[in-house]
Amino acid sequence: MTTFVLVHGSWHDGSAWDAVVPRLEELGHVAHSPTIAGHGKGADKAVGHDDCVRSIQRFIVDNDLSDVVLAGHSFGGSVIARVAEEVPGRLRRLVFWNAFVPLPGTSVEDDLPPSYRELFARLAGESADNTVTLPFPIWREAFIQDADLDRAKAAYQQLSPTPYQPFLDRLDLSRFSRLEIPKSYLNGTDDTALPPGEWGWHPRMSGRLGLHRLVQLPGSHEVVFTNPRLLAEKIVHAGRD
Amino acid sequence: MTTFVLVHGSWHDGSAWDAVVPRLEELGHVAHSPTIAGHGKGADKAVGHDDCVRSIQRFIVDNDLSDVVLAGHSFGGSVIARVAEEVPGRLRRLVFWNAFVPLPGTSVEDDLPPSYRELFARLAGESADNTVTLPFPIWREAFIQDADLDRAKAAYQQLSPTPYQPFLDRLDLSRFSRLEIPKSYLNGTDDTALPPGEWGWHPRMSGRLGLHRLVQLPGSHEVVFTNPRLLAEKIVHAGRD
Amino acid sequence: MTTFVLVHGSWHDGSAWDAVVPRLEELGHVAHSPTIAGHGKGADKAVGHDDCVRSIQRFIVDNDLSDVVLAGHSFGGSVIARVAEEVPGRLRRLVFWNAFVPLPGTSVEDDLPPSYRELFARLAGESADNTVTLPFPIWREAFIQDADLDRAKAAYQQLSPTPYQPFLDRLDLSRFSRLEIPKSYLNGTDDTALPPGEWGWHPRMSGRLGLHRLVQLPGSHEVVFTNPRLLAEKIVHAGRD
C-alpha cells in the first residue's frame, strides 16, 4: 500500500485526477489530489510560486502524511521539486509526469519555448488578474489530441485561467539535486504540450534528474482525461520501490 | 462523414492505398486516391513539381470536392503543401504522414541526407528518362522492414521508377505558413526511410508546421502495405476536427 | 530455420538468454548462448577485448556454425562487430540489440557518458581484480525499471563483476564498415542503460551502421529477463532475410 499525493498542472485543479484516484484505490493504494493555491475555479489568482509550494507542503503536513510518493504533472513538477526541499523526510519517491524540472535559479518560463513565452505574456497582460487562459486550439491540437472533439470540449470546461506569476518566479532549488529521494520520470510518448525536440519534455527534463527511473505510456499530455486507468497503472510502476 | 484525398509518395501510385480506402469506407468516410502526374507504371515521367501539384489540384476541382481532409505521404507532403496554397477554400485539414514539409524556397532534395542525394543523382543520371529506381536493399531494410521477405518483394512489384525533377524544383511556399487550415502530422515510430535523428521525419518536419496535431502509430514507412487498417484508423484520428 | 548465436553484455553471462532460447526453438530455430571470456561467476577476469572476441569466434568455429545470425547485446555489440571481421563468411546477419557499435580506433569507454566513465574507473580501481560491480540502484532504476523489486533483485543475483580492461581496449574495426553482411538494430524504446539523448543508444549507435534494419520493442535494457518471449520474437524479425 502506497500513499500517493498527485499534484496537477497549470489550468487544472485537483479534480483532474478524479478518474485516476479510484483506479489507484482499486489497486490497493491511497491517493490524495489537492488543488494548488491560486488554481481552480473561483480561486484567488494573486499567488506566486512560493504560495503554490506552501499549499502542497501544508496539505502533506496537516494530514500528517509520510512515506509519500509525490507526483507532479507539467507545472506541478516545479512544485514537487520545491516541496521535496521542504519536507524531504516525508517523501519516499518523486514522480515527474511530463513535468518541469527547473534548474537551480531559473523559472518555469525559462523552460518554455519562445512562442509560448510571448503568448502567455500577452495573454496575462490582456487579462484583468494576471492570468493566462489556454486558447482552445492549442488545447485541442497540442494537449489533448488523442480525444475526440466532444471529449476535448468537455475537459476544456474543467480548466480555469492559470496564475502567471508562478511561471516567472525564479526557484532557488539549490538543495534539490542533493536530495537522496529516488526519482522517476513518466513520459507520454505522444505528448506535444511542449514541442518534441529542442524544447521537449524528454529527455530534456528527465535528463536533469540524474539517476532516475523512466516509465513511458502512449498518449497525449492529458491522458489524465483520455486514459486515466492506464495512467494510474503507470504511476504505480513509476512509484514502486 | 469526411472526404479524404490520399496522396501517395515517390515510387508509389494511387493503388498503394487499395487496402486503406475500404477501411475508411467501413468507418463511414469517402476516400479518393489519385495518382500524381508522372507517377505509376507507364506514366510519362517528364514532369516537374508543378505538374505533380496541378494533377492533384485538378482532381479536387474536377470532382468538385470540398471540406476535404488532404493527406500526403512522404514526397506527397510537398505536393499537398502546394495544393493547399492553390485551393485552400476546399480543404478542412492537412495530414502529413511521414511527409516532407519543405521550407519556402527549398526543394525536396534539400531535405534529403547527403547519402540519398548522391545516390538519387547517380541513379537518375544513369537512367534513360531521368528517373530513380529504388534499390531493393534500401526498400527491404529501411522502408518496409516490418514485412516478411515475401511481402516486401510483392509490394516492391507495385513500385515504379520515380521522376527525379520534382525532387529538385524549388517550391515557393510563401503562402503556406499563412494558411489557416488545421494541420496534423502522422508519425510512424519505426519509420527509417529518412534516418532518425538529424535528418529524420519527426520532429524535424513536424516542427515546421507550427501549431499542429501529432498522431503516432507503430510501423515502418510502408504501413500502407503492412498495416493498412491501423493506418486508416490513425488517418481518421489525424483528420477529425 | 535460422541459427542464432546470442552474445550477452557486461555483468551477464550466457545464462541471461535462458528464457529466450526456448522461445526461439518453439519458433523453429536453433539458438546458442555462449559466455564471453572473462564473464560469468568464477571466470578468470584477467581478459582484454581480444580475448572476448576470440572466445566467441572460437565457439562459432569449433561448432562449425555457418549462416549464423549473430546478435549482441550492449557490450556484446562491440564483440560481434569484431567477430564479424574475423569470420565474415560464417555470418548471415548481425543484430545489435541496444548495443555498442564502436567507431574504428575507439574503445567502448569512449562511448560512455562521463558519469559512467568516472564511476567505472573508480570501481575498477577499488576492486581487487580490475572489475566493475554494477551498483544495485543503477541496475534497479536505469537497467531493469520495468520489473518489480523482487524480480529486479532476483535478476541481480545472476550478475557478476565485469572485467574493466575490455572497456578500455581500442578496437581497430577498420574492416567492419566494408563488410557486406546485412545489419539490424533492435532498440528497446524504454532503454535507459545509456541515458536517452546525446549519449543514447538510438540513433547514435544505430546511425553508425549505414544501411540497416531498425526493429523496436517496448521495455528496458533487460527485457531478456522481463519479456524474453517478446525479445525472441523481435530477434526473429531483426534476423530474418
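Since every read-out is calculated from the coordinates, none of them should be taken as a lab result. Source: prediction; values computed, not measured. Virtual Cβ from ideal backbone geometry, glycine too; neighbours counted across all protein chains shown.
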_Among C:Leu24, C:Leu91, C:Gln57 - extreme Cα towards positive end, dipole of chain C, charges at beta-carbon_ = C:Leu91
_Overall Cα dimensions of region A:3-239 - principal axes, largest extent first, Å_ = 42, 37, 36
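Given N residues in region C:161-239, what is Rg(Cα) / (2.2 N^0.38 Å)? List each step's numbers first, then the result.
Details: Rg = 14.3 Å, N = 79, 2.2 N^0.38 = 11.6 Å.
Computed over Cα atoms of region C:161-239, the ratio equals 1.23.
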*Helix-derived [θ] at 222 nm for chain C: sum -39500 (n - 2.57) over DSSP H runs of at least 4, divide by residue count, nearest 500?*
-8500 deg cm²/dmol
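Antiparallel versus total DSSP beta bridges in chain C: what percent is that, nearest 5? Don't skip to the end; give the middle numbers.
Working: 3 of 27 bridges.
Taking every DSSP beta bridge with both residues in chain C, the antiparallel ones total about 10 percent.
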*Sorted from largest down, give the three principal axis spans of the alpha carbons of the protein assembly as shown, whole angstrom values.*
80, 74, 40
*Each residue of region A:9-23 in turn: what ³J(HN,Hα) in whole Hz from Karplus with 6.51, -1.76, 1.60 and θ = phi - 60°, glycine and Pro shown as x?*
x, 4, 6, 9, 9, x, 5, 4, 8, 4, 9, 8, 4, x, 5
_Given the rotation relating C and B, tell me which residue in C puts its Cβ closest to the axis and the distance in Å._
C:Thr189, 4
*What are the distances, in nm and sorted shortest first, from the label point of C:Glu198 to the label points of the same position in each other copy, with each label point placed 7 Å from Cα along the Cα-to-Cβ direction?*
1.6, 1.6
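If the limit is 30 Å between Cα atoms, which of A:Lys45/A:Lys153; A:Lys153/B:Lys234; B:Lys45/B:Lys234; B:Lys153/C:Lys183; A:Lys45/B:Lys183; B:Lys234/C:Lys234 go over it? The partial results should precede the final answer.
Numbers: A:Lys45/A:Lys153 23 Å; A:Lys153/B:Lys234 21 Å; B:Lys45/B:Lys234 32 Å; B:Lys153/C:Lys183 19 Å; A:Lys45/B:Lys183 34 Å; B:Lys234/C:Lys234 24 Å.
Check vs 30 Å cut-off fails for B:Lys45/B:Lys234; A:Lys45/B:Lys183.
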*asked:* Taking beta carbons within 10 Å but only from partner chains, what does the mean come to for residues A:206-219?
replied: 4
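For a distance above 12 Å, tell me the whole-number percent of Cα pairs in region C:1-45 that qualify. Intermediate results must be reported in sequence, preceding the final value.
Values: 575 of 990 pairs.
In whole percent, the share of Cα-Cα pairs in region C:1-45 beyond 12 Å is 58.
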*Put one equal scatterer on each alpha carbon of region B:101-236, apply the Debye formula with no solvent term, and list log10 I(q)/I(0) at q = 0.14, 0.16, 0.18, 0.22 1/Å to two decimals.*
-0.77, -1.01, -1.23, -1.43
*Which distances, in nm and shortest first, link the B:Ala128 label point to the same label point in every other copy, taking 7 Å along Cα→Cβ?*
7.8, 7.8
*asked:* Placing the label point 7 Å from Cα along the Cα-to-Cβ direction, what are the distances from B:Ala43 to the equivalent spots in the other copies, shortest first, in nm to one decimal?
replied: 5.6, 5.6
*For region B:14-91, would you read off the P(r) tail past 16 Å as a percentage of all alpha carbon pairs?*
52
*Please list the non-local residues whose amide H lies under 5 Å from the amide H of A:Gly38, H modeled 1.01 Å from N, same-chain partners needing a gap of 5 or more.*
A:Asp44
_Order these by the 10 Å Cβ neighbour count, fewest first: C:Glu141, C:Glu118, B:Glu85._
C:Glu118, B:Glu85, C:Glu141
*When the Kirkwood radius is taken over all Cα pairs of region A:48-128, what Stokes-Einstein diffusion coefficient follows at 37 °C and 0.692 mPa s, in µm²/s?*
238
*Give, as ranges by residue number, the residues of region B:33-63 whose backbone N falls under 17 Å from the point 7 Å along Cα→Cβ of B:Asn130.*
B:37-40, B:43-54
